[in-house]
């Protein structure tokens, strides 16, 4: 390593501009597709934010697998889709939270209404059992990622960018263990109050315009009131 890389300079790279989340809004993209693809975006939090693991736990409970609230409600109970999930992607100075699903265009309004209702309800009704299950899922994912060289390399690089050093597995597990029902609720409330959602519906059919309109109920005064 020293022989190959000792000559590389250590000058500071160019500084990036601060990340700015847009003002939100909605867009319907008309395309002749069998399914309607629905997604919305909310401003998340950076990798170094103390609430990161609390928000990740909330994300898992909402749409992180077959036991998640969204999967159970829209697929198992209502049969509205084949795939639905949520994710939060943290970066060095911001983050990006989003649910995604694909559904029949005629079901798009009901689908988006359910997503919004489930997100708003989950903020106030998280349970200890859900928190414990999501934490166990996250810890299992951390340990399984050790088997992948690429996943491990990406994880280490993210830590160096955010914290200036790699975090040990023990440190990350401890941070996950510190998540509580209240900390997850606080992170979720802040998420909904932080920004107006940006909503996109891709496909055909009359239901798409109505679907994106439902997302306006996800943030704004109602969400901000939850913080107080």
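Considering all different alpha carbon pairs of the range 1-127, the Kirkwood hydrodynamic radius works out to 17.1 Å. Rounded to the nearest 10 degrees, the inclination of helix 108-125 to the longest alpha-carbon principal axis of the chain is 60 degrees. Relative to the longest principal axis of the Cα atoms of the chain, the long axis of helix 149-163 lies at roughly 80 degrees. The base-10 log of I(q)/I(0) for the chain, evaluated at q = 0.07, 0.13, 0.16, 0.18 Å⁻¹, reads -0.26, -0.83, -1.15, -1.35 [Debye formula, identical scatterers on Cα atoms, solvent excluded].
Here the simple spin-label model places points 7 Å from the Cα toward Cβ, and for residue 175 and residue 136 these points are separated by 2.3 nm. Quick one: Cα centre-to-centre distance for the range 1-53 and the range 96-167, in angstrom? If we compute the Cα centre of each part, the gap is 16 Å. Counting only DSSP beta bridges whose two residues both lie in the chain, roughly 75 percent are antiparallel. The angle between the Cα long axis of helix 52-63 and the main principal axis of the chain comes to about 30°, on a 0 to 90 degree scale.
If I take every Cα pair under 8 Å that is 6 or more residues apart in the chain, average their sequence separation and divide by the length, what percent do I get for the relative contact order?
Across the chain, relative contact order equals 33 percent.
Computed over the alpha-carbon pairs of the range 49-101, the distance histogram in 5 Å steps reads 5, 21, 29, 17, 13, 8, 5, 1 percent, short to long.
Each value in this text was obtained by applying a stated rule to the coordinates, not by laboratory testing. For clarity, every value in this text was computed on a predicted model and none was experimentally measured. All Cβ positions, glycine included, derive from the backbone under ideal geometry; neighbour counts span all protein chains shown.
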